[in-house]
């Protein structure tokens, strides 16, 4: 299940901690993105009911209204239910440990992304991508999400979707990690990550999509090796700009920027 945050965190002018805004989970479920403590009450001094391994499905009935500050962020406490061996464990979890986006990569293998904190020096949020199998992280690395404008809440929708990896040697899965916001003038970002047969997650092309307005809009086109017109070992990204013609009130092509990325067996090169 994917995790879609509507409104996450806010950086105020006079403070160095990102304030908390409640998030929401699609269909009231998400995955544990790290070893997750299920507490008896919404407080980290409370008794731990059970330790949940990474990659486990959790039901999330709702936000408690309680928060806790760590790593320069204020995180939310959520009610949670964890089912295992015909037992149901109920309690409370901190959303820092939960998947903001996820994607199955095969049997018992799961890709997850989560926010991990706020870098006060860089004025940017920190994140992490991991691949989990059998309740353990078999790969993890720091991964910064799309930059959020100063004085704004982090209200990007974060999603993970599969792409066809055929024609890219040594890559078993392609992941499109998107940071999107349906708001005029706000830029978005789409990242491609490659999960290799050697169990390594490689960061690929990242496309920043400028914010659209009433007079101009942007779309992207991805041509993979398996796409008609594609070639083995390369990804072509087209950023298409259209402008609205006043005379006809229709959209007309204005600019098309093409970037080619070549796979060398270990990473993508421009």
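Things worth noting here:
- Some residue of segment 228-237 being surrounded by fewer than 16 Cβ atoms within 10 Å (Cβ to Cβ), modelled with pLDDT under 95 and more than 25 Å from residue 181 (Cβ to Cβ): yes
- Selection count where residues are modelled with pLDDT of 95 or more and not in a loop (DSSP other than H, G, I, E, B), scope segment 144-170: 4
- Subset tally (residues that are part of a strand (DSSP E or B) and over 25 Å from residue 218 (Cβ atoms)) for segment 181-202: 4
- Filter result for residue 180 (surrounded by fewer than 19 Cβ atoms within 10 Å (Cβ to Cβ) and over 22 Å from residue 126 (Cα atoms)): no
- Within segment 206-219, if we keep just the residues that are part of a strand (DSSP E or B) and over 14 Å from residue 146 (Cβ atoms), the residue that is farthest from the chain's Cα centre (by Cα) turns out to be 216.
- Test: residue 240 is surrounded by 14 or more Cβ atoms within 10 Å (Cβ to Cβ) and over 20 Å from the mean Cα position of the chain (by Cα): yes
- Residues being more than 21 Å from residue 27 (Cβ to Cβ) and in a strand (DSSP E or B) - total across segment 106-122: 6
- Residue within segment 61-74 that is within 23 Å of residue 132 (Cα to Cα) and within 23 Å of the chain's Cα centre (by Cα) present: no
- Residue 171 meets each of the listed conditions (1) in contact with a strand residue (DSSP E or B) (Cβ under 8 Å, 6 or more places away or on another chain); (2) over 19 Å from residue 204 (Cβ atoms) apart from (2).
- Filter result for residue 15 (in a strand (DSSP E or B) and either at pLDDT 95 or above or farther than 21 Å from residue 132 by Cα (or both)): no
- Hey, residue 207 modelled with pLDDT under 95, surrounded by 14 or more Cβ atoms within 10 Å (Cβ to Cβ) and in contact with a strand residue (DSSP E or B) (Cβ under 8 Å, 6 or more places away or on another chain) or not: yes
- Within segment 101-115, restricting attention to residues that are at pLDDT below 95 and surrounded by fewer than 18 Cβ atoms within 10 Å (Cβ to Cβ), the residue that is nearest to residue 192 (Cα to Cα) is 106.
- Only one of 81, 59, 128 that is at pLDDT 95 or above, surrounded by fewer than 23 Cβ atoms within 10 Å (Cβ to Cβ) and touching a helix residue (DSSP H, G or I) at 6+ places or on another chain (Cβ under 7 Å): 59
- All positions within segment 235-270 that are in contact with a strand residue (DSSP E or B) (Cβ under 6 Å, 6 or more places away or on another chain), touching a residue at least 24 places away in the same chain (Cβ under 8 Å), assigned to a strand (DSSP E or B) and more than 21 Å from residue 209 (Cβ to Cβ): 262
The values are calculated or read from the model by the stated rules, or taken from the named source; none is laboratory data. This is a predicted model, so every value here is computed, not measured. Cβ atoms come from the backbone with ideal geometry, glycine included; neighbour counts cover every protein chain shown.
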